[in-house]
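Here is the structure we will look at.
Nothing in this text is a laboratory measurement; each read-out follows from the coordinates by a stated rule. If you're wondering where the values come from, they're calculated on a predicted model, not measured in any experiment. Ideal geometry is used to build each Cβ from the backbone, glycine not excepted, and the neighbour counts take in all protein chains shown.
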Amino acid sequence: MAINCTILASSYYRTTRTIGAPIREVKPALVACSASRQRLNVSQSLNSAFNPLIYHEDLVNDELYARRTQKMMDVRHMLKTGGEDRLKDLRLVDAIQRLGIDHHFQEEIEALIWRQHVSAKCCFDQSEGLHEVSLCFRLLRQEGYYVPPDVFNNFKDEKGKFMASSGKDNIRALMELYEAAQLSIEGEDILDDAAEFSSQLLNALLKYLDEDNAALVKNTLKHPYRKSMYKFKANNFMGSEVEGINGWENCLLELSYADFYMAQGIHRQELLQITKWWKDLGLARELKQARDQPLKWYTWPMAMLNDLRLSDERVELTKSISFIYIIDDIFDLYGKPEELTLFAEAVNRWDLAAVDQLPDYMKKCFRALYDTTNEAGIKIHKKHGFNRTKFLRKTWASLCNAFLVESRWFRSGSRDQPMADEYLKNGKVSSGVHVVLVHVFFLLGFGATNEGPIDLSDASAIISSVAAILRLWDDLGSAEDEDQNGHDGSYIDYYMKEHQGVTLEIAREHVFKQISEEWKRLNKECLRLNRFSSSFQRASLNLARMVPLMYSYDDNQRLLDLDEYVKSMLYD
């Protein structure tokens, strides 16, 4: 294939119930070549374009690496020598995080934020402006320090209402107040009021702003930092917010560009490993109706584990995610009820002999799952000194059991249908989030002993909230956009049956409110959980942040944000 082929990401997906799973049948990616137009599998298209790009990257890696190393030293020096200008220090940390390069400077950022925490009374006294208070509040909470929301009372009038002022600085302060409000936890009415006040005022001000500032405000409202993939949205930040941070612009931007370019090369090579592993596994040939989407599967780990040093972890996690898809397809498309029961029992027993009476495709799938999971356990043991394979096995048993419950519900027609809450409880497990985050937990080296800084039980509430966010977002899309033909359930469907007379619009509003409440619970858990677990928190938050990209369809059933994300991370 010609090297100047343009890969256009597919936007049509098959209905499913699992993490990041596409919603419609995949039509092969369109590949527009100089000589001809062909329809090819996504992974085949990627493989054809990768090798020349990787070779070119190898030629410049030494120079790029040296420049990147120098810029990292410069930024580290800036972080360590700050302190005289509090707002300047806060803006520096914010810029580093928004540009997606903060994983290089976690120790320095934690030390700087700790200094801010120690002097928090100075940050929040009456002489400080809304912008500085909001920024300090957000950065402290992001690092796990609880700051009471009443620090915003200074910006309310005698009636308890937020006060509005005018000017360009006020617009930036309003945007920062809106950003700070995204870290609210349950019961914090002040932050709910702050979010409503700032969003209403910013929307009202849009018509008075020039094009650039209007775009910045719209991006803030649509993609607040706490709930968005800012590695993806960094371009929106580069052209506006970095300007004016005296002395930092060039250094931060050069490091961000170099880091992004090196990351692309690493991600491409990891994707080559995944596609080769998947091809050698042979399940795509065995299960021709099942999804064959290594690029889609890899997108999750690429987003979740953005530290470039976690290459092996991204590859291992992608392998696990591929089995979530394939087992889901077995339950949806292939298995007979009695076969699915036996398959689930085999996974629960973790016994290869238990699938002897099942079809060949089930045998091969279970064998591949068995081998891959055991290999992951061995790799975790070699790297971190403990073997947690039994916990990985339990996640697969839980997933298959949840699939089996859903299968029985959907096959029963109108009989034995669950209540909405019962469906959601099971749906959080069948989403696959538990499988993914338990694997992440151990791949990152947590859970060595029950006496360590963080145990798996400490992460359970985080896992539950992320799973609920995914399941509810999934059902928001499928309930309105898909003709499910009775084969799939939806929280909205069950909620409307349970509450007769409720319209689809009201049901969707209820789901959006539930998603918002789950984010509050997630924020609370991130404050509660031991700060040694910051890398696990970051991965969990990134999973939740990816959900809207995976499920926000336009009117033509396209995932434009996801297409843009994949292209920006791998090609642009």
Would you please report the Å³ per residue occupied by the convex hull of the alpha carbon atoms in region 304-431? 119
For I506 and R285, FRET efficiency with R0 = 60 Å and r from the beta-carbon atoms, rounded to 0.05? 0.80
At 0.36 nm per residue, minus the direct Cα-Cα distance, what do K567 and E196 gain on full extension? Give it in nm, one decimal, please. 130.2 nm
The answer for the net charge of residues other than P337 whose Cβ lies under 14 angstrom from its Cβ, with Lys and Arg +1 and Asp and Glu -1, is -3
Using only the C-alpha atoms of region 61-159, find the volume of their convex hull and express it per residue in Å³. 97
Nonlocal amide H pairs with Y571, under 5 Å, H built at 1.01 Å: none
Based on the mean of other beta carbon atoms within 10 Å per residue, what is the order of 326-332, 380-386, most packed first? 326-332, 380-386
Cut-off 10 Å between beta-carbons: net charge of the residues surrounding E375, Lys and Arg +1, Asp and Glu -1: 0
Provide the FRET efficiency to the nearest 0.05 for the L87-K513 pair, computing r from the beta carbons and using R0 = 35 Å. 0.50
Mean 1/r over distinct Cα pairs of region 309-358, inverted to a Kirkwood Rh in Å, yields 12.4
In nm, what is the difference between 0.36 nm times the number of residues separating K379 and D351 and their Cα-Cα distance? 8.0 nm
Per-pair calculated FRET efficiency, R0 = 45 Å: L456 and L221 via Cβ, rounded to 0.05: 0.80
Pop a pseudo-label 7 angstrom from the Cα along the beta-carbon direction at both R367 and K497 and give the gap in nm to one decimal. 4.0
Cα gyration tensor of region 245-380 diagonalised, 5x eigenvalues square-rooted, in angstrom largest first, produces semi-axes 38, 14, 12
How much length is gained if the chain between N556 and M73 is pulled fully straight, taking 0.36 nm per residue apart and subtracting their Cα-Cα distance, in nm to one decimal? 169.2 nm
